[in-house]
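**Q** Encoded as structure tokens, here's the structure I'll be asking about.
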Amino acid sequence: MKALGIILFYNVILLPYIWSQELSYHPEILSGHRSFSYQHKIEFSVNPSLKLNNITLFDTEYNNDDNNLYFIRNSISYEFFKNIKVVGAFGIKNPGSFVTSALQYNYKKKNYMFMYSVGTTYQNGFTIEQNFGFEFKPKINMDMYGLLKLQVISNTSKKEYVRGIQQLRIGVIKNNLQFGFAANLDQFNNASKTLANYGIFYKHNLIYSNNKTNENKL
């Protein structure tokens, strides 16, 4: 309940203040063989070095509510050196609330991006959390790009591989739209429970700044 109150404060009280700065919104839906999911990333650029971020995921299985997944993560990052950030985050995910602190490296060019972070997360005990991201956008023609995107997150303790998440996207980008093949994989407790979802995804990328909406171009 306390974590929920903090999340509501972040999203309801702080949003009007942050709205005057640049905001990017990236909603995505995935229709898969096992479940239907919605996720988004919202990022607020307070200044070039300081950013606030919200990632939300809801995954609903067609036939079994016991396998529904949720993930809400609010974070703040500060780039203290070129391409290197410190990150603090809190939120809720299966099976409850968590807090995270990490060091993150980002390398980004026009057509590709690489990200790696490592830190510690507390959720019913401490774990080492590693987060790897890679994105490649080869140009196809004047207004279309290909897309290859991979995200891998792992939480490990001294005793076990606690939680794992892998997301793969292969598709095309046209203006501010992305669509194509998607794969989501989730593991729990040394992969004693594994959930997979394969299907198609659709994503819309928008940037809001000074009451104007822009396409998120490469």
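The values are calculated or read from the model by the stated rules, or taken from the named source; none is laboratory data. This one's a predicted model, so the numbers in the text were calculated from it and none came from an experiment. Heads up: the accessible areas ignore ligands, DNA and RNA and are worked out on the full protein's heavy atoms, side chains in. Shrake-Rupley method; radii C 1.70, N 1.55, O 1.52, S 1.80 Å.
**Q** Note the count of lysine pairs whose C-alpha atoms are less than 17 angstrom apart in segment 43-159, limited to pairs 8 or more residues apart or on different chains.
**A** Going through segment 43-159 pair by pair, I get 18.
**Q** Using 0.36 nm times the number of residues separating Gln130 and Tyr202, minus their current alpha carbon distance, what extension gain do you get?
**A** Extending this stretch completely gives an extra 23.3 nm.
**Q** Ratio of alpha-carbon Rg to the 2.2 N^0.38 Å globular estimate for the chain, to two decimals, please.
**A** Relative to the rule-of-thumb radius for its length, the chain sits at 1.02.
**Q** When all C-alpha to C-alpha distances in segment 20-76 are sorted into bins of 10 Å, what percent of pairs does each bin hold, rounded to whole numbers?
**A** Cα pair-distance distribution for segment 20-76, in percent: 22, 40, 23, 13, 2.
**Q** Continuing with this model, one more query. Return the carbon/sulfur percentage of the accessible area of the chain, one whole number, probe 1.4 Å, all protein chains in place.
**A** Carbon with sulfur: 63 percent of the solvent-accessible area.
**Q** Per residue Cα convex hull volume for segment 50-119, in cubic angstrom?
**A** Roughly 109 Å³ of hull volume per residue.
**Q** Quote the relative contact order of the chain in percent (integer), defining contacts as alpha-carbon pairs under 8 Å separated by 6+ residues.
**A** It rounds to 15 percent for the chain.
**Q** Return the sequence-ordered ³J(HN,Hα) values of segment 188-193 in whole Hz as given by the Karplus equation 6.51 cos²θ - 1.76 cosθ + 1.60 applied to θ = phi - 60°, using x for Gly and Pro.
**A** Coupling constants for segment 188-193: 9, 6, 6, 6, 5, 10 Hz.
**Q** Just the accessible area per residue of the chain, please: how many Å² with a 1.4 Å probe?
**A** I get 56 Å² per residue for this part.
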